[in-house]
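The values are calculated or read from the model by the stated rules, or taken from the named source; none is laboratory data. Source: prediction; values computed, not measured. Here the Cβ positions follow ideal geometry from the backbone for every residue, glycine too, while neighbour counts run over all protein chains shown.
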Amino acid sequence: MALTPRLDLRQSQTLVMTPQLQQAIKLLQLSNMELATYVEQQVEENPLLERDDAAPDSPEETGLAASTESDSESVRGVDRALSDTEAQMSEPVLNADDNNFETGDVPPAQDALDRDLAFESFGEWGRGDGGGADDTLDRVQDRLSAETTLREHLSRQMAVDLPDPAQQIIGAQLIEMLDDAGYLSGDLAELAATLGCGVDAVEAVLARLQQFDPPGIFARSLAECLALQLRDREELDGAMRALLANLDLVAMGDIEGLAEACSVSRDDIVAMLAEIRSLNPKPALAFDSAVAPPVTPDVIMRRQGGGGWLIELNTDTLPRVLVNQHYYARINSAAKSIEDKRYINDCFQSANWLARSLHQRATTILKVATEIVRQQEAFFNGGIRYLKPLILRDIAEAVELHESTVSRVTANKFMATPRGILELKYFFGRGIGPPGDANPQSSAWVRHRIKALIDAEPDNDVLSDDSIVTLLEREGISIARRTVAKYRDAMGVPSSAQRRRMKRVRA
């Protein structure tokens, strides 16, 4: 058969990812704070866009509040999500510009138990007070801005205790070599070569700096940090020096080995370990004023007076934009060249698409959040014990969206609930139980029970992973031992052998 050129006509349907559709998908997965930054950039670039700073109306008036007691058809009747097809972008949408919001308390973060390996047996170290929440974020920031940093605190002491300018230069360089925990990083010989002085001069200044407040600062190792604090308390004797030289035995919980190495009795070792536990292995953390920014929820839910829940969008952080039609008409009529008219039309179309995307994004988030609350209502009423196993497909089928759309909606989004500010991803998790189980347990509840059982261990014994499996089976939770170990490691809980050593040292 001869190979000859020919023309064919084929017809097919494909979904084209236009720039407008890509923009809608991008906005859908941004949080309100990220969205505000993006919109601010678009307002600066597009002369037809303006920020709408007018006071928002109530959510009930704008249609941006949904109730779990309302007709389900009214919720499903909202327009299709932008990320499904481009054609859905042209459908009428609800106004996403207005809503009310009431802040909730951020739930306390779970302790990660991130201890150093050599001091697992020492339990919790003092980390300083976290402080309470103030009335407003501005007051918190004002208070933090007035706090003295570690380097300022050390520089003030150095100005008094080191009057020699040459020593102050060396001290300033040593202060800059401190890490976040207050330990000295870097080589003294390299510093001496850089400053053109002897190593003895650097070590002499370092010895003076190690007497500064807080005790333990400028240490080069954990043992030296503890020794400096004990010296400040006048409790650094020969036995304590021997104990600090055998920190590996402390980590192993070898009381007898420590007693032999320190030439003291077992009771003395227990008392010495108690003294060690009262020290701070990271002295610089007392000056750590960095505070994690508060989580700003994208959705707020509250109980209605007649029953059910009211779900609203938080328009305090939701950006609102307007398209200046009058300015568009004026400059469009005044434009002379084709390039100017094309630029003006592109700006006008881009502004309209951004406004539509913002409206559709708000509508889709509200629809997904409402369905999550409806399916997890038992959790809000009864607690984590009633958290229902849920996957993206369950929500996607209920609100008639694609799973990828639900995944984008729940990414980086938080909801203020009566049980704290929770990420939308928190409500999703597969059930744990034997195949065919009609009532599987949520993974969050299983982790909660594992942590509760370990916290309730008797003082003279620990629970192995197999024992935890047995106790959970008595509660109707069927789980494998390797799953218990996986959840325990994820929560930062030590193994049974490590917990046994910790209790033996504390005894």
Study note, to complete from the structure: Residue hits (region 411-420; over 16 Å from residue 318 (Cα atoms) and buried (at least 21 other Cβ atoms within 10 Å of the Cβ)) are 417
Practice item. Looking only at region 310-319, decide whether some residue is assigned to a loop (DSSP other than H, G, I, E, B), over 29 Å from the mean Cα position of the chain (by Cα) and more than 20 Å from residue 21 (Cα to Cα). Key: no
**Study point:** Residue ID - nearest to the chain's Cα centre (by Cα), chosen from residues in region 210-244 that are assigned to a loop (DSSP other than H, G, I, E, B), of a type in the set (Asp, Glu) and on the phi < 0 side of the Ramachandran plot
**Key:** 213
Practice item. Evaluate the following for residue 336: is it of a type in the set (D, E, K, R) and in contact (Cβ under 8 Å) with a residue 12 or more places away in the chain? Key: no
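To keep it simple, each residue is scored yes or no on (1) part of a helix (DSSP H, G or I); (2) among the β-branched types (Val, Ile, Thr); (3) out of contact with any strand residue (DSSP E or B) (no Cβ under 8 Å at 6 or more places or on another chain); (4) in contact (Cβ under 8 Å) with a residue 24 or more places away in the chain.
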| site | (1), (2), (3), (4) |
| --- | --- |
| 395 | yes, yes, yes, yes |
| 421 | no, yes, no, yes |
| 446 | yes, yes, no, yes |
| 451 | yes, no, yes, yes |
| 457 | no, no, yes, yes |
| 463 | no, no, yes, yes |
| 477 | no, yes, no, yes |
| 494 | no, no, yes, yes |
Practice item. Would you check which residues across region 156-171 are among the small types (Gly, Ala, Ser) and surrounded by fewer than 15 Cβ atoms within 10 Å (Cβ to Cβ) and list them? Key: 159, 166
Check your understanding: Does any residue of region 494-501 turn out to be modelled with pLDDT of 85 or more and not hydroxyl-bearing (Ser, Thr, Tyr)?
Key -> yes
Check your understanding: If you check residue 290 against the conditions, is it aliphatic (A, V, I, L, M), modelled with pLDDT under 85 and in a loop (DSSP other than H, G, I, E, B)?
Key -> yes
Exercise for review: Quickly run through region 247-261 and pick out the residues that are more than 36 Å from the chain's Cα centre (by Cα) and under 12 Å from residue 276 (Cβ atoms).
Suggested key: 258
